[in-house]
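The values are calculated or read from the model by the stated rules, or taken from the named source; none is laboratory data. What you see is a predicted model, and the numbers here were worked out from it, not measured in a lab. Note that we place each Cβ from the backbone using ideal geometry, even for glycine, and neighbour counts take in every protein chain shown.
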Amino acid sequence: MADLQRSIPSMVDGLKPGQRKILFCSFKQNFTKEAKVAQFSGYVLGHSAYHHGEQNLAGTIIGMAQVFVGSNNINLLQPNGHGNRHQGGKDHVSAWYVYTCLSPITRFLFPKDDDCLLDYLNEDGQSIEPIWYMPTIPMVLVNSSEEAFEGGFDPKETMTVKICDIRILLFAVAAAFIYIQMRLFRTQSGYADRLTAAMESESHCTSEMRLLIDQMSTPQERIVSLGD
C-alpha cells in the first residue's frame, strides 16, 4: 500500500509524495539559482523528512527536470545533463555533476499566494510539504502518470494529446456552467413573472379599493348636504 502511494501521482496536483517534497523544498529555499542535484537532495532530506534514500531522491529530482520526448511535457525543474530519451533518462551523469533549479514557469503553475491556503503535514514536530498543491492547470493531464501502470511513457504521447484532454475537461466544465446559468435564468424569470403578476394584482386591488371608497363617499356627501 505504501509503495502504491509513492508510485501513483495525486489527481489533485499530479505529483507523487517524493515530487511534492522536492517542490516544497524548492519553494522554501527559493531555488532560483542553479545548484548541484546532490547538494539540493541533501537540503530536501533535511527539510522534508524524506526516508527513502538520497540516491532515489536524486533520481526523482533529475526525472522532474528531464525534457526529452516521453518524459515531461512541462518540466518543473531546469535540466542540465539529465540524460536523453534513448535510455529513458537513465544515462544521466552522477548527481554531483548535474545541476538544476526551479523552472520559471513553475511558480505560475503553483502560485505563491496559494501557499498560505494549503494544509501542511507535520512529522515529529516538523512542518513539511502540504497534503497536495493546487496548480492552475490539471498537471496530472500535462505530465501523464501512466508510467506507474505501464512501466514507462509512450514517446508518441505528445503535448497535443494532453491539450486535447484539457480541452475536453474545459468543455465539460463550460457545459456544466452554462446548464447551471440556464437553470438560474429560468428560476429568476419565474420569480420575475410572479413578481409582475403580484404587482399587477396589487394595482388592481388598489384601484378597486379606491373605486369602492369613492362610491361610499358619494352618499355620505349627499347626506351631509341634505343635513345642511
Please determine whether any residue of the stretch 147-154 is in contact with a helix residue (DSSP H, G or I) (Cβ under 8 Å, 6 or more places away or on another chain), modelled with pLDDT of 60 or more and not in a helix (DSSP H, G or I). no
Taking the criterion of being small (Gly, Ala, Ser), modelled with pLDDT of 90 or more and either surrounded by 11 or more Cβ atoms within 10 Å (Cβ to Cβ) or in contact with a strand residue (DSSP E or B) (Cβ under 8 Å, 6 or more places away or on another chain) (or both), would at least one residue in the stretch 85-105 satisfy it? yes
Within the stretch 1-60, residues closer than 18 Å to Ser103 by Cβ and β-branched (Val, Ile, Thr) come out as Ile22, Thr32, Val37, Val44, Thr60
Within the stretch 1-40, how many residues are small (Gly, Ala, Ser), in contact (Cβ under 8 Å) with a residue 40 or more places away in the chain and more than 20 Å from Asn72 (Cα to Cα)? 2
His52 meets each of (1) more than 22 Å from Leu109 (Cα to Cα); (2) assigned to a helix (DSSP H, G or I) with one exception, condition (2)
Within the bounds of the stretch 172-184, is there any residue that is at pLDDT below 75 and within 55 Å of the chain's Cα centre (by Cα)? no
Members of the stretch 95-126 that are in a loop (DSSP other than H, G, I, E, B), of a type in the set (Phe, Trp, Tyr) and either under 13 Å from the mean Cα position of the chain (by Cα) or not assigned by TED's automatic domain parsing to the domain that holds Ala58 (or both): Phe110
Sole miss for Lys112 among (1) in contact with a strand residue (DSSP E or B) (Cβ under 8 Å, 6 or more places away or on another chain); (2) surrounded by fewer than 17 Cβ atoms within 10 Å (Cβ to Cβ); (3) modelled with pLDDT of 90 or more; (4) not small (Gly, Ala, Ser) is condition (1)
Selection within the stretch 26-39 - within 20 Å of the chain's Cα centre (by Cα) and buried (at least 21 other Cβ atoms within 10 Å of the Cβ): Ser26
